[in-house]
Structure formats: structure tokens, C-alpha cells
């Protein structure tokens, strides 16, 4: 290959290579391929914002048009990461404002986004088109007003489950009347009412609008106004789905829905009045995605609805559906790929609904394409898990939450090791697994040896000893993210498998038995890891080294120790880390910094 | 950490919990301080609810179970003076906060006995001998369970539908007009006919007073 193609030809060839891992492979072939590739990479995914710095990113890839960055660890969703931990996007926006004036897309997950960051985005990128904020926080509707006012080319604004300081609904009116390029708008997470007339006008002047997810404040009587103006909608999220029973309201609504012939997905449905559900019946046969996870309606109404959705691929629903409803789902929806059943009353000990393991078994039997499951329930058995595993070897994601911690097999009172063991044995493509119930070290032996494609594992209130963690860390070849809470795992397994940690994106451990001394050792042994102790009791140095830390977050990085740590986050052996950082800066790093999602 | 005591603890719990009847909303009266603490240690982690335990004879074994439980609790790195496990475990079950709040709002409107025309109010329905409660929206009730249907369903069986109204009185379904019933019903209990004997007279009186 010494007389290779001219650069332009190579660049053209590389332009057809879009997957991150393929691009990474290309960049490792030789120095010139590395150079050509880095100049033409348009899309970058940063799975952990502290694994790499903005400066390293912009220096290596000067022509990026689309960026995706993730911040806090997953357990932040459940309030396990203290307020002020980090994940601020501002340094990234600041660096990219200078380096990427042509940036078109920003997608952020679990990051802290300030109004200043939003303001900076709105004024720095004249071609800005796509903005997705998934589970983010730190901004207000004032920041949204800057985006609305300045981003003339914006196509997508998606606030997915973010926590917004809702000062007023007025921000929506800042979109100029000349702006007609809207394709997707998701404001479902907002509490306050936006001006409905502004919304109406916006929808009316957006011929390309495909996705519209309203917030709860938009009343049911007004929905038909929007639906009639957007018959091309593909995804629609209602507001509060309730109103006094009036025939004119009903027929308007039904008319609105039936006019949307391309509708594939529905969501919203807060405060559902069942009498209004028939208004969507005509859309059911075309639906592939249905999110009823806020709909507090009972099993009979759910069954009536779901059994008409013959083409359903994804269903999110509350446990009001019960086993009976899941039987109906299994009978009607043969294309089902993803099922999520959320608990209506998670903090009550006793079951408030008749939803058990039987419902999940029925769906696993009846739905041959089922590959992704999230299921909250109050009882489980090994027999049921074995049946599910045998029925559905094509499972890719299996997340089971038995609400009572350490609940055994309710029939035999044994641990659920055998059941979960069957899952990892039969489901050879399993990439994500969440465990619950009574589990001993044995289940981790099964997972370590059989979970060859497992990328993400979540463990809570499980295991007996370090042996459990050792099984996972010494096996699971594909493991990237491991999150553990309230397990009796300590120093031995971690120290014995320290090198494994460099092959993973991150490890989270909270309320376990890892000592501060072990953390220091790890930090010293492995300079390419950041070993961070999160402890709100004050400096770990003020306690004996053998004392367990509250929380531990370990991740690989080429950026060295964090510079923005809050007082309750402690890195290990800062001197040694600093020395390493200096030597790293002198070396040209052609490390693989991108990971598949 | 031993698992020896667990089967016993859970067996006990299974035997008792399955048949425990629940009238009204969980959360219970605050007066059961001690009983609640005992249960919470036994249960481990979840919030306790109103339990009326008849554990006089099994008292000693229960204490033993508790003792072992306390020792087997994973040492929290928090300070030892932290309150016992009656408090909810942080972040468990793993439900996002925006999902939790929705349900809390729903429960709140139920406990206030509202029956707003537009929003669905919920009523707990329990049946003697059955371990599960149902939540039924009164709107939903209109659809699939109107008065005659309800009476018909239970016709010939040993059971009668009774309900607790806003005043806390137990009445028979059918004694007051349907609308008044829907307006005032807080929870429904399908009880054995033999137990319902004392109910009728009060119902008649109430209706007289209201009209």
C-alpha cells in the first residue's frame, strides 16, 4: 500500500464509513490514514464527558458537525449521585464555539446545562439544527427562549425527561414567524403552560413536522386544533387526556386523530378518562409505539386498546395492565419487540395490582420478536425465569426489578441464581442485564462465564462476598459499564482485577465495602483511570484507610484527573496523577477514545 | 452473612401478607409506632404500612429473627445513629422521580375523596379472602360495572358489595342512588353476606337525611 490512493480518494472512501468503531479502526491503520480520517470525521460520540477533554476533541477532529456527550453515571437517575457532582456542558460548548462554527447537532445525556450554555449555543452555531437534552438539568425556560429566538435553522428540539426550571411558557413565542423548519418538538417534561395560540401558529407553519410531544398542560379539547393542522404527524404525545364527557369534544378529537394517516407512535396520556380512549381506536392498527406509562387506567380499558394495536413493536405501560392484560398483549401483538412495565405504587409493600411473573412469561411465550424487557413486579420464581429464557433466546436487554430487595423465589424460597443463570445461558446476544431478588455469588459465576456479550450490568442487594464481583470482573469479556449498590463486595476482587477496569467505560459502587486504602492503591497502580471517591462525610483522610467509602466511581480517561471536582469528590494520590498527566501531554496519543453506544 | 434466617422470615411473611385484608389506602394510621418498627426490621427496607399483627405467641421467634436481621444488614457507611430501616432506601426501587410524582398526585386526589368530573378518581376495591386489591376509576366503573351489573354479578353468591363513604360509614351498594354512591364512595369492599347484616338501617337513614 506504499503507492496509495491520493488523499481525496481516501477521504471519499472514508465518507461511506459511518460507524464509530469502523472509523476508529481506520485511524489505526497508519499515520496518513489517521490524519485523513481525523480531518473528515463529522460525528463524534463521547460516552463519558470526563474520559476526554474538549481540547483533545477539538484538536484531533477539526471538522465535526455532530456531537453526542454523556455526563453523570446512570445511577444519578435514582438520586444516588449528589447534587453538584459535575457533568457541566459549558466547557464543551465554549471549546466548540471556537472550533466548530458549523456545528449542526448537539445531543446531551445526564449533563448539567446552564442558561449561559444555552445562550452560547444559540449565538455560536449559525447552522444549528438538532438539539436533544435527555435527562439534563440546570437550565430554565429563559435559556430555551434564547434557543428559540436565535436558532434560525433549528429542526429538532427534544427536551426528553429533563428537569427544567419552568419560569413561564412564554419562551415558545420567541420562535420567529419566519421559522418554518421544525421537524420535531418534545416539550413533554415542562410543567407550565405554553401559549396555545403560539403553538398553533407554529404547527401551522411547519409543514415538515413529524414529531410533536406536548406537555400535560395542553388540554384535551384543544388537541384537534393541532392534529388538523399537522396531518403528516408520525409521532404524537398528548397532554392531560381528560375532559368532561362531551360529544362534540369527542368527535372533534376522533376526527383529528383519524386525519393523521401516518401516525406510528403515541404518548402522553396523563390523567386518562377512559371514555375518551375510543377517539384513538382508528389509529391503533398503524401504531408501532405506544407509551401509556402515565395512564392510570385499568386492565379492561388497556386490553381494549392494546388488542387493536396489531402492529405494536414497543409498549410502555403501568402495572395496571396486570397479568390478564399481558395475556391479551401476547395474543394480539405478535410484532412486539420492547415491553416496559412500570410500578404504579412502588413504595407499597403489598401488591396493589394483580401483576406477577405470569404476565411476563405469557409475553415471552406469545411474542417471538421480544428482545427488550423492563419489568417491575413483586414476585418471581426460578421456574418463570427459566421459561422466559427458553422462550426468548433472542433477548438483548433484560431488566427485572423485584420490588422487595433480596426477595427469594416465592415458590421455593431459594435464591434466583438458577433463573438468572438460565437467562445468560440461553440469551447469547444479551447486552444489558439488571438483577434483583435474592442472589448469591453463584449467579455471578454464571454471568461471568456465560455473559459473553454483556455490555452493561446493574446489581443491587446481591451476592455474598468478593467472589461474586471477582466472577464478573474476571469474565464478561464485553463488559463496559458495571454499576453496583448495596452489595458485600470489597477490596480483594477489585484489586485482583484492576486491569479489567481499563477495558471498561466505568464502574460505580455505592454502599459496598471498598476501603479508601484500596481506592488509593488502584489510583496509583492505574494512571489511566480516574478513581473518584464520593463521600459526603468529609475527607477520607480523616478516617482509617480500612474504612469503606460511601461511593466510588472509576472510569478510564485520557484527560487526567478532573479539574472541576466538588468538595465531596476525592481523587486518589493527586501528586502521582499530576505527574502522569504531564508525561501524557508529551506523548502523541492515538488512543481509541470512542466507544460504541 | 447467612441466609439461614431468611426462609423463615419470608415464609412468615408469605403466610401472613397474602391473606391480610386492606381497607382504605396504605400508609396507615401513624399510631402503630412500635408495631411498624418491628415490621420494618423484619421487612428490611420498604416503607411500612398499617399492619395489625397478631404475634403474641410468635413474639419470641420474631424477636430472634429481628436480631439476626439487624446484624445482617449491610454496614452502611453512614453514621450508626441513622434511623432504622423504616425510612425508604434511597433510589430503590429504581424509579425516576418524574414517574414517582405522577403517582403521588394521583393518590392524593383519591384520598381527598374527589370525584372531579373530568379526572378519574380511584377507589380501592377489596374482596374478602382475595389477596389483591384493585384500583377502579369511577369513570371506568360506570362503563363496566354499573349498579345492576354489580348486583347481578354477586347475585346468588354469598357476597354483597359494601362501601365506605366520605363520612367513614359502611353502606350497602344500592341503598342510595347511583350518583350519590359514586360521589361519596371512598372504597369498596365485597364482603360476606353474613357480615353485612348491620349495614342496611344506617343507609336508609342517610338517604333520608340527604334528600
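The values are calculated or read from the model by the stated rules, or taken from the named source; none is laboratory data. All values reported here derive from a predicted model rather than from experimental measurement. FYI the Cβ positions are ideal-geometry reconstructions off the backbone, even for glycines, and counts take in every protein chain you see.
The set of residues in region A:481-511 that are within 14 Å of chain B (Cβ to nearest Cβ) and either assigned to a strand (DSSP E or B) or under 19 Å from the mean Cα position of the chain (by Cα) (or both) comprises A:483, A:484, A:485, A:508, A:509, A:510. When you check residue A:45 against the structure, is it modelled with pLDDT of 95 or more and touching a helix residue (DSSP H, G or I) at 6+ places or on another chain (Cβ under 6 Å), yes or no? Yes, satisfied.
Only one of the numbered conditions (1) assigned to a strand (DSSP E or B); (2) free of Cβ contacts under 8 Å to residues at least 40 places away in the same chain is violated by residue A:376, and that is (2).
The set of residues in region A:458-480 that are under 20 Å from residue A:418 (Cβ atoms), more than 14 Å from chain B (Cβ to nearest Cβ) and outside any helix (DSSP H, G or I) comprises A:475, A:476. The condition (being crowded, with 18+ Cβ neighbours inside 10 Å and at pLDDT 95 or above) is satisfied by just one residue among A:483, A:477, A:502: A:483. When residues in region A:284-310 are screened for being assigned to a helix (DSSP H, G or I), away from chain B (no Cβ under 14 Å) and under 28 Å from the mean Cα position of the chain (by Cα), 3 of them pass.
crowded, with 22+ Cβ neighbours inside 10 Å and within 18 Å of residue A:559 (Cβ to Cβ): is that true of residue A:47 in this structure?
Details: crowded, with 22+ Cβ neighbours inside 10 Å: no; within 18 Å of residue A:559 (Cβ to Cβ): yes.
So residue A:47 does not fit the description; no.
Taking the conditions exactly as written (farther than 25 Å from residue A:375 by Cβ, at pLDDT 95 or above and within 14 Å of chain B (Cβ to nearest Cβ)), does residue A:276 satisfy them or not? Yes; evaluated as a whole, the condition is true for this residue. Can you say whether residue A:365 is more than 14 Å from chain B (Cβ to nearest Cβ) and touching a helix residue (DSSP H, G or I) at 6+ places or on another chain (Cβ under 6 Å), as far as the supplied structure shows? Against the criterion (more than 14 Å from chain B (Cβ to nearest Cβ) and touching a helix residue (DSSP H, G or I) at 6+ places or on another chain (Cβ under 6 Å)), residue A:365 qualifies.
Between A:135, A:146, the distinction of being touching a residue at least 40 places away in the same chain (Cβ under 8 Å) and buried (at least 19 other Cβ atoms within 10 Å of the Cβ) belongs to A:135 only. Per this entry, residue A:372 is counted among residues that are surrounded by fewer than 19 Cβ atoms within 10 Å (Cβ to Cβ) and within 25 Å of residue A:284 (Cβ to Cβ). Screening region A:311-355 for residues that are buried (at least 24 other Cβ atoms within 10 Å of the Cβ), over 24 Å from the mean Cα position of the chain (by Cα) and assigned to a loop (DSSP other than H, G, I, E, B) and picking the one that is farthest from the other protein chains (Cβ to nearest Cβ) gives A:333.
When you check residue A:449 against the structure, is it in a loop (DSSP other than H, G, I, E, B), more than 23 Å from the chain's Cα centre (by Cα) and farther than 20 Å from residue A:553 by Cα, yes or no?
Answer is no for this residue.
Selection over region A:141-188 of residues that are in a loop (DSSP other than H, G, I, E, B), touching a helix residue (DSSP H, G or I) at 6+ places or on another chain (Cβ under 9 Å), farther than 13 Å from residue A:202 by Cβ and modelled with pLDDT of 95 or more gives a count of 2.
Kindly list the number of the only condition in (1) under 29 Å from residue A:341 (Cα atoms); (2) out of contact with any helix residue (DSSP H, G or I) (no Cβ under 9 Å at 6 or more places or on another chain) that fails for residue A:247. Single failed check for residue A:247: (1).
Quick check on this structure: which one of A:159, A:185, A:199, A:212 is touching a strand residue (DSSP E or B) at 6+ places or on another chain (Cβ under 8 Å), within 21 Å of residue A:242 (Cα to Cα) and crowded, with 21+ Cβ neighbours inside 10 Å? Before you say what the answer is, go through the steps one by one.
Details: A:159 fails: within 21 Å of residue A:242 (Cα to Cα); A:185 fails: within 21 Å of residue A:242 (Cα to Cα); A:199 fails: touching a strand residue (DSSP E or B) at 6+ places or on another chain (Cβ under 8 Å).
Exactly one of A:159, A:185, A:199, A:212 is touching a strand residue (DSSP E or B) at 6+ places or on another chain (Cβ under 8 Å), within 21 Å of residue A:242 (Cα to Cα) and crowded, with 21+ Cβ neighbours inside 10 Å, namely A:212.
Given the condition touching a helix residue (DSSP H, G or I) at 6+ places or on another chain (Cβ under 8 Å) and closer than 25 Å to residue A:239 by Cα, answer yes or no: does some residue in region A:330-338 qualify? So that I can check it myself, show each step before the final result.
Within region A:330-338, the first condition is being touching a helix residue (DSSP H, G or I) at 6+ places or on another chain (Cβ under 8 Å), and the residues that meet it are A:330-334, A:336.
Those still in the list that are closer than 25 Å to residue A:239 by Cα too: none.
No, the conditions are met nowhere in region A:330-338.
Whenever a residue of region A:71-85 is more than 12 Å from every other protein chain (Cβ to nearest Cβ), its partners that are part of a loop (DSSP other than H, G, I, E, B) and surrounded by fewer than 19 Cβ atoms within 10 Å (Cβ to Cβ), lying with C-beta atoms within less than 7 angstrom and at least six residues away or across chains, give the pairs A:84/A:566; A:85/A:566.
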